[in-house]
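Have a look at the structure below before the remarks.
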Amino acid sequence: MKIIGISGLARSGKDLFANVAKQIIETEKNLKVEKFALAYELKNDLKDLIYEKTGMDVFTEDTREKNIIRPLLVAYGDVMRKLSNGTYWTIKLNKE
């Protein structure tokens with residue numbers, strides 16, 4: 001098993017890149033590829049709270065709404081990382 005991490009600025013095309021890479025690797029190399037996103041786990045943790053308090057869906061594709069809730073998501077992600085000595089998000093992904 002190999003793990004490839006992709007990082008980048010918000011709305012820079014990370015998901016698009018991952019989807020294209022997955023398609024190429026599966027088609028040309030005949031290898032199984034699974035895609036996981038730390039952002040999914042982060043958003044899933046906060047989806048109920050943010051919807052209850054703001055009426056916004058954390059999984060929105062609306063750039064304006066994403067920009068409004070992003071600071072809260074980033075702050076929460078940072079807190080959970082610090083509380084777990086950097087393992088909170090990777091432990092969640094390992095369960096997958």
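Quick rundown of the values:
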read-out: Residue satisfying all of: in the range 68-86; out of contact with any helix residue (DSSP H, G or I) (no Cβ under 8 Å at 6 or more places or on another chain) and not in a helix (DSSP H, G or I); surrounded by the most Cβ atoms within 10 Å (Cβ to Cβ) among these; value: Gly86
read-out: Selection within the range 55-69 - in contact (Cβ under 8 Å) with a residue 40 or more places away in the chain and of a type in the set (Ser, Thr, Tyr); value: Thr63
read-out: Matching residues in the range 5-39 - criterion: being over 23 Å from Asn94 (Cα atoms) and touching a residue at least 40 places away in the same chain (Cβ under 8 Å); value: Ala10, Arg11
read-out: All positions within the range 40-67 that are closer than 22 Å to Leu93 by Cβ, among the β-branched types (Val, Ile, Thr) and part of a loop (DSSP other than H, G, I, E, B); value: Val58
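Here is a yes/no grid of residues against (1) at pLDDT below 95; (2) under 13 Å from the mean Cα position of the chain (by Cα); (3) among the hydrophobic types (A, V, I, L, M, F, W, C):
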residue	(1), (2), (3)
Lys2	yes, no, no
Gln23	no, no, no
Gly55	no, no, no
Ile69	no, no, yes
Tyr88	yes, no, no
Asn94	yes, no, no
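The values are calculated or read from the model by the stated rules, or taken from the named source; none is laboratory data. Note that the structure is predicted; figures quoted are calculated from it, not measured. Methodologically, a virtual Cβ is constructed for each residue, glycine included, from the backbone with ideal geometry; neighbour enumeration extends over all protein chains shown.
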